[in-house]
Amino acid sequence: MSTGYPETTASVTIGALGYRARCTEAGCGNLARLGFRYADAGGRPFSNAEFCYAHGRERITRDRAAGLKVYDDRAH
């Protein structure tokens, strides 16, 4: 997990971005469309990242495989 705190990460909440940003994946300059908010076991957010659709799908798969609870708030 590349959030910087893999031992404390418990969940990630995915949402659609309401502002313009670039994908934070190394070497990607695409427009970010998804925002990821990583939280610890107490629900306190400690890290945010923005990804384009392609890298966002990869990150969702990776986070689920790592055992994180993934909350998808894009439809709300």
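Laid out as a table, the results:
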{"read-out": "Sum of side-chain charges, Arg22 neighbourhood, beta-carbon under 14 Å (Lys, Arg +1; Asp, Glu -1)", "value": "0"}
{"read-out": "Relative contact order [Cα under 8 Å, 6+ residues apart], segment 9-72, whole percent", "value": "39"}
{"read-out": "Full-stretch length increase - Lys69, Ala54 - with 0.36 nm per residue and alpha-carbon distance subtracted", "value": "3.4 nm"}
{"read-out": "Amide H partners (placed H, <5 Å) of Ala21, local residues excluded", "value": "Ala32"}
{"read-out": "Scattering curve values for the chain, log₁₀ I(q)/I(0), Debye with Cα scatterers, q = 0.11, 0.18, 0.21, 0.27 Å⁻¹", "value": "-0.24, -0.66, -0.90, -1.38"}
{"read-out": "Considering only the chain, percent of DSSP beta bridges that pair antiparallel, nearest 5", "value": "80"}
{"read-out": "Lys/Arg +1, Asp/Glu -1 at C-beta; the chain dipole; positive extreme among Thr61, Ser47, Ala75", "value": "Ala75"}
{"read-out": "Cβ-placed point charges (K, R +1; D, E -1), dipole of segment 15-65 about Cα centre in debye, nearest 20", "value": "100"}
{"read-out": "On Cα atoms only, tilt of 53-65 relative to the major axis of the chain in degrees", "value": "10"}
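Any read-out appearing in this document is the output of simple, stated calculations on the displayed coordinates, not a laboratory observation. Note that the structure is predicted; figures quoted are calculated from it, not measured. Virtual Cβ from ideal backbone geometry, glycine too; neighbours counted across all protein chains shown.
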